[in-house]
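Enquirer: My structure is below; once you've seen it, I'll send some questions.
The values are calculated or read from the model by the stated rules, or taken from the named source; none is laboratory data. Note that the structure is a prediction, hence the values are computed from the model and not measured. Glycine gets a Cβ as well: all are built from the backbone with ideal geometry, and neighbour counts include every protein chain shown. Remember, those area values only see protein heavy atoms, side chains included, never the ligands or the DNA or RNA. Shrake-Rupley method; radii C 1.70, N 1.55, O 1.52, S 1.80 Å.
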Amino acid sequence: MRMTAAWLGGASYLIGLLGYTGSLRRLGVSPYLRWITAMLLQILLLYGAAMLGQLRLGIYGVTGLGVVLWGTWQILGLFHRGSLPFEGIHLFDFWMLGLGAAMVEVLAHSPLVHYDNFSHWAVMVKFLVFSGHLPAATDHLISFTSYPPATALFITQFVTWIGFSEGAMLVAQFLLIWAAAYAVFAVLRDRTRALTAMILCFTIAGSLVFNVAIRLNNLLVDYVLPILTVAALAGIFAYRTRPWLLCGHVAVFSAALLLVKNSATFFVVVIAGAFLVTLLKTNRTGWALPGNLLRFAGTMGVASLPFLLWQWHVHATFTVSKHEISAQAYRHQLTSESPATILKIARKFGEQILNPQSLSTQGILLLNLLLVGAWIVIRLGNRRRNPLLKTAAWLDGMFGLYYLSLLGMYVLSMPYAEAVLLDGFERYMGSVVILGLYLGAMVFVRVLDATFYEQNFEKRNSRSFATIMSKNAYQLSTLVAGFFAITLMYSEITGTNFTNRMNQQTLPLQLQRCSRPWTHLNHRKVLVVDPHATDVNDYYAGYAARYYYFTDRAVGQENFMVSPAAFRQIVQQYDYVVIPEFHRTFTVLTQKVYHQRVITGLYRVTPQRLLRQR
């Protein structure tokens, strides 16, 4: 019965999504951008409903509107009205569909383990699904109340139709990522060329190497930020001669990005820069300089409105909010830190940048080497001017600005104990390296296509090569790019499977073996008896239990070296005790105080004994 409901819900969601994509195509949206544009548009509609306190109604309304649109286009199609030209199926479509489906299969059976899933990202989705509204001041389950809800809203919509599970949440976020990755093919000059297509597929798979600190089996947004930015930039290029579509595209993507995470501001600045340059360089817009500047200001102003509304909501709803954007908080932290402290953080930051073992540093060096090397080969070998050297310089400038913004975050926003250790450095840097990798690849495939012997697309065939050697080189390069594109993606799939197997003894999966998850928001006091002090000291045990038992009053404890009387007093403070793993001291004291032997499981606390829950 549950499986049937999931299939029916999935079909409803898919039909609704097709309604939006079909409508967008008829408005001129690129077929390679229609999926991600439709998803982001739905996020913004859901955001509006959530801000009005009507999230559940919004989910049904947004999906229902899509179903109506789909039905309308089907009816019109019967009368040969509003039909769309067939774009064709290309080699990269098979790569995206085949390996994407394989990744979906793996993620559908993957658990959530990473700390940040339980401190915010997963618990936020669970809260939205089962409460049906954004967190209020009384909802203490959500700690990071200033984090914008864009991805959580999208995942909530998906699991509402499919059914709530950790695998369904991961699949939803992957679909968002995969739809954005598909947008890169909009920049291809000739989509029938296997080499350029496989280079972009290789780029998609290779970018996951720099996401290794997170992987795809987590709900964190460190990969979502750059891939949405890539899709936005691909759209700016695709719509460069269509000003109104260009402005609408930038507004939708920038607004959605700002609602993904507060740190998305840097990525929106990159989009805004590309947008402004495009407006000023494209003479076919039909606007003079003042008009284009006005168009730029209006577009970015509209794009910032949802985020400004979110900031107002945070300040109006919560007296204090973790990681909120606050000039006063930044000034307080800056004045509370001595110059020696700031210098120490800056010195550690510089050492990490120059560390040859740093994955992000290796990525930046490799990207520069590839772009400069390709520029030399094309400039000297083919005697063609190309923008690859300029691209490398622009990307290095972007990396430098991101380094400064990241250093500012460590100094202004992060506690000293975490900042001096550069907590999450590779995670944060991985995002901008991924962005740089995609941008370099998109420019490269354009340049590569322009160097082909035959520039007339209609005449390109197996004989369209200057020499037999160039033909052999093209074929070999295509095979190599395709091989690595498949191998790296397969590596990500098998790596995720391996990680899932290795995580079988982690705390979240132990909690799953103890009892079923709770889905009714409550305030019951739950004690997690964890034999690992690190899980307790960094609040991992408490956060995992808060998510799993859906309560804001779950805590972990490892040390029970107390007297029997003190032990009874401790236990009686809680409504439930969960023992995910054998804890010798707790077991011994339970025998002395309650005269019963407990090993693992969930127990309800009564004055006389601990009652095991099934």
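Enquirer: Which one of these does PRO31 not meet: (1) open to solvent by less than 40 Å² (accessible area, probe 1.4 Å); (2) assigned to a helix (DSSP H, G or I); (3) over 16 Å from ALA251 (Cα atoms)?
Expert: (2)
Enquirer: Assuming PHE144 fulfils every condition listed in (1) closer than 30 Å to PHE318 by Cβ; (2) open to solvent by 20 Å² or more (accessible area, probe 1.4 Å); (3) at pLDDT 95 or above apart from one, which condition is it?
Expert: (3)
Enquirer: Could you check, for segment 212-219, whether at least one of its residues is over 25 Å from THR487 (Cβ atoms) and open to solvent by less than 20 Å² (accessible area, probe 1.4 Å)?
Expert: Yes: segment 212-219 contains one or more residues that are over 25 Å from THR487 (Cβ atoms) and open to solvent by less than 20 Å² (accessible area, probe 1.4 Å).
Enquirer: Can MET96 be described as out of contact with any Ser or Thr (no Cβ under 8 Å at 6 or more places or on another chain) and surrounded by 14 or more Cβ atoms within 10 Å (Cβ to Cβ)?
Expert: Yes, satisfied.
Enquirer: Out of segment 365-386, which residues are in contact with a helix residue (DSSP H, G or I) (Cβ under 6 Å, 6 or more places away or on another chain) and either touching a residue at least 40 places away in the same chain (Cβ under 8 Å) or assigned to a loop (DSSP other than H, G, I, E, B) (or both)?
Expert: Within segment 365-386, LEU367, LEU371, ALA374, ARG384, ASN386 qualify.
Enquirer: Looking at segment 38-55, I want the residues that are farther than 22 Å from VAL250 by Cα and have a partner that is hydroxyl-bearing (Ser, Thr, Tyr) with Cβ atoms under 8 Å, at least 6 apart or on another chain. Which pairs are those?
Expert: LEU55/THR156
Enquirer: Looking only at segment 385-411, count every residue that is more than 28 Å from GLY373 (Cα to Cα) and either open to solvent by 50 Å² or more (accessible area, probe 1.4 Å) or acidic (Asp, Glu) (or both) and tell me the total.
Expert: Qualifying residue count, segment 385-411: 2.
Enquirer: Which ones in segment 403-426 are assigned to a loop (DSSP other than H, G, I, E, B) and either more than 23 Å from the chain's Cα centre (by Cα) or not acidic (Asp, Glu) (or both)?
Expert: Answer for segment 403-426, where residues must be assigned to a loop (DSSP other than H, G, I, E, B) and either more than 23 Å from the chain's Cα centre (by Cα) or not acidic (Asp, Glu) (or both): SER413, MET414, PRO415, VAL420, LEU421, LEU422, GLY424.
Enquirer: Something else: Considering VAL129, VAL125, which residue is over 29 Å from GLY363 (Cα atoms) and open to solvent by 10 Å² or more (accessible area, probe 1.4 Å)?
Expert: VAL129
Enquirer: I need every pair where a residue in segment 204-220 that is free of Cβ contacts under 8 Å to residues at least 12 places away in the same chain has its Cβ under 6 Å from the Cβ of a residue that is open to solvent by 40 Å² or more (accessible area, probe 1.4 Å) and in a loop (DSSP other than H, G, I, E, B), sequence separation at least 6 or different chains.
Expert: none
Enquirer: May I ask you to list the residues in segment 1-23 that are open to solvent by 20 Å² or more (accessible area, probe 1.4 Å) and touching a Ser or Thr at 6+ places or on another chain (Cβ under 7 Å)?
Expert: SER12
Enquirer: May I pose another question? Condition first: outside any loop (DSSP other than H, G, I, E, B), buried (at least 19 other Cβ atoms within 10 Å of the Cβ) and touching a Lys or Arg at 6+ places or on another chain (Cβ under 8 Å). Can you find one or more residues in segment 550-557 that meet it?
Expert: yes
Enquirer: Going through segment 588-599 one residue at a time, which ones are surrounded by fewer than 17 Cβ atoms within 10 Å (Cβ to Cβ), within 17 Å of CYS514 (Cα to Cα) and either in contact with a strand residue (DSSP E or B) (Cβ under 9 Å, 6 or more places away or on another chain) or touching a residue at least 40 places away in the same chain (Cβ under 8 Å) (or both)?
Expert: ILE599
Enquirer: Something else: Taking the options ALA565, ALA544, ALA533, name whichever one is of a type in the set (Gly, Ala, Ser) and surrounded by 18 or more Cβ atoms within 10 Å (Cβ to Cβ).
Expert: ALA544
Enquirer: For PHE275, are the conditions met, namely being touching a residue at least 60 places away in the same chain (Cβ under 8 Å) and either more than 30 Å from THR451 (Cα to Cα) or buried (at least 24 other Cβ atoms within 10 Å of the Cβ) (or both)?
Expert: It is false that PHE275 is touching a residue at least 60 places away in the same chain (Cβ under 8 Å) and either more than 30 Å from THR451 (Cα to Cα) or buried (at least 24 other Cβ atoms within 10 Å of the Cβ) (or both).
Enquirer: Which members of segment 169-203 meet the condition of being among the small types (Gly, Ala, Ser) and either in contact (Cβ under 8 Å) with a residue 40 or more places away in the chain or open to solvent by 10 Å² or more (accessible area, probe 1.4 Å) (or both)?
Expert: ALA179, ALA180, ALA181, ALA183, ALA186, ALA194, ALA197
Enquirer: Return the residues of segment 57-100 that are at pLDDT below 95 and β-branched (Val, Ile, Thr); say none if nothing qualifies.
Expert: THR72, ILE75, ILE89 - these are the residues of segment 57-100 that are at pLDDT below 95 and β-branched (Val, Ile, Thr).
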